[in-house]
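First the structure, in the form of structure tokens, and then the observations on it.
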Amino acid sequence: MPAELIDGRAIAKKIRADVAERVKKLAESGVKPGLAVILVGDDPASAVYVAAKGRATEEAGMYSLTMRLEADTSQSELLAHVDALNDDPRIHGILVQMPLPKQIDPDFVIRSVDPNKDVDGFHPINVGKMLVGERDGFIPCTPAGIQVLLKECGVETPGKHCVIIGRSNIVGKPMAALMMQNTTDANCTVTVCHSRTKDLREHTRSADILIVAAGRSGIVTGNMVKKGAVVIDVGTNRVKDEKSKTGTRLEGDVDFESVRKVASLISPVPGGVGPMTIAMLMANTVRAAELSLSLR
Ligand code: NAP
């Protein structure tokens, strides 16, 4: 039997409905959650992501502020904007869209966001909290969304071998930190693979849960997957497709057709992890607004 598909859109819809309820509740206390997104430059893919985030924020009944800055904006100018947003009571979440132009150090910018407004979960304080298992910080949206997908699909994680391909600060590392925690939705034995890993297949073949975030089309094929494994495809690769109107289409890192024959559950691209990332951003923003009440 081919693997069942994980319906990321349906699960994200549930998360967004819960966010909308919490937004209504906050309104009773006179609080409207606000998310500010800063885009520096005119990278087309980033512009699409930023627009989608703005739309989702408004749809959730929250205040959305999108700041578009010129590609030659200096680091100090950008930091001045972040500082102003840190002090702005209308704003509960701040996100600076990556990648940034060369003249700006992304690590410096990440550290300049107030950790209480860091809805991306990239500030070292929030990363540290996640690693030590404190749940009062913010967890990066993509790994947090994957953990929700697994839970919603009834995947039992304790004692399972979770293999992650990729060790970025955005996906791979936080994913590993989450899956190794001593919690009922984790408790996995975790292996992290990267470009220097020898014999990738040897590791992936032993995975009960395989999470692929390499940004390489077709890096995982059916013969690299254990029968019955759960496969989460994080990759978003734009590839040429003459049959498509735009001449391109989005595909994941996993060779879907061959992997589907051996896995028990698989997340498609598009419609798997992607919708969850935005839904978790909304959930982090509403949480930031709820926390702001307790900080008053
Ligand atoms: P990244 O920063 O480029 O990291 C890619 C990781 O994959 C690196 O750790 C790299 O190893 C590893 N890698 C590359 N080639 C490999 C190979 N042949 N074998 C084993 N490991 C390999 O990318 P990212 O930001 O984590 O994103 C990964 C993918 O997920 C991208 O396609 C991105 O677009 C997508 N993504 C999707 C969402 C979503 O919401 N759907 C969100 C975030 C990212 P080294 O460290 O050794 O270089």
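Taking into account only those residues within the range 157-212 that are among the charged types (D, E, K, R), more than 8 Å from the ligand (Cβ to nearest atom) and touching a strand residue (DSSP E or B) at 6+ places or on another chain (Cβ under 8 Å), which is nearest to residue 228 (Cα to Cα)? Filtering first and then ranking leaves 208.
Only one entry in 14, 24 is loosely packed, with under 13 Cβ neighbours inside 10 Å and under 24 Å from residue 233 (Cβ atoms), namely 14. The single condition among (1) over 24 Å from residue 46 (Cβ atoms); (2) buried (at least 19 other Cβ atoms within 10 Å of the Cβ) that residue 166 does not satisfy is (1). Number of residues in the range 134-171 that are in a loop (DSSP other than H, G, I, E, B) and either more than 28 Å from residue 85 (Cα to Cα) or β-branched (Val, Ile, Thr) (or both) equals 13. Checking each residue in the range 86-105 for being buried (at least 22 other Cβ atoms within 10 Å of the Cβ) and not β-branched (Val, Ile, Thr) picks out 92, 93, 95, 100.
For the range 132-153, the set of residues classified as touching a helix residue (DSSP H, G or I) at 6+ places or on another chain (Cβ under 7 Å) and small (Gly, Ala, Ser) consists of 137, 144, 145, listed by residue number.
Every residue, every condition in (1) within 16 Å of the chain's Cα centre (by Cα); (2) among the charged types (D, E, K, R); (3) over 30 Å from residue 21 (Cβ atoms); (4) in the same structural domain as residue 187 (by TED's automatic domain parsing), yes or no:
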{"site": "211", "(1), (2), (3), (4)": "yes, no, no, yes"}
{"site": "218", "(1), (2), (3), (4)": "no, no, yes, yes"}
{"site": "243", "(1), (2), (3), (4)": "no, yes, yes, yes"}
{"site": "254", "(1), (2), (3), (4)": "no, no, yes, yes"}
{"site": "260", "(1), (2), (3), (4)": "no, yes, yes, yes"}
{"site": "270", "(1), (2), (3), (4)": "yes, no, no, yes"}
{"site": "283", "(1), (2), (3), (4)": "yes, no, no, no"}
{"site": "288", "(1), (2), (3), (4)": "no, no, no, no"}
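Does at least one position in the range 234-241 carry a residue that is in the same structural domain as residue 163 (by TED's automatic domain parsing) and over 22 Å from residue 6 (Cβ atoms)? Yes, the range 234-241 contains at least one residue that is in the same structural domain as residue 163 (by TED's automatic domain parsing) and over 22 Å from residue 6 (Cβ atoms). Kindly establish whether residue 268 is at pLDDT 95 or above, within 16 Å of the ligand (Cβ to nearest atom) and surrounded by fewer than 22 Cβ atoms within 10 Å (Cβ to Cβ). Yes, satisfied.
Of the residues screened, residue 119 is one that is crowded, with 22+ Cβ neighbours inside 10 Å, under 17 Å from the mean Cα position of the chain (by Cα) and at pLDDT 95 or above. Once the range 241-252 is narrowed to residues that are within 16 Å of the ligand (Cβ to nearest atom) and surrounded by fewer than 23 Cβ atoms within 10 Å (Cβ to Cβ), the residue that is farthest from residue 122 (Cα to Cα) is 248.
The values are calculated or read from the model by the stated rules, or taken from the named source; none is laboratory data. Bear in mind the structure is a predicted one, so any value in this text is a computation, not a measurement. Glycine also receives a Cβ, built like all others from the backbone with ideal geometry; neighbour counts cover every protein chain displayed.
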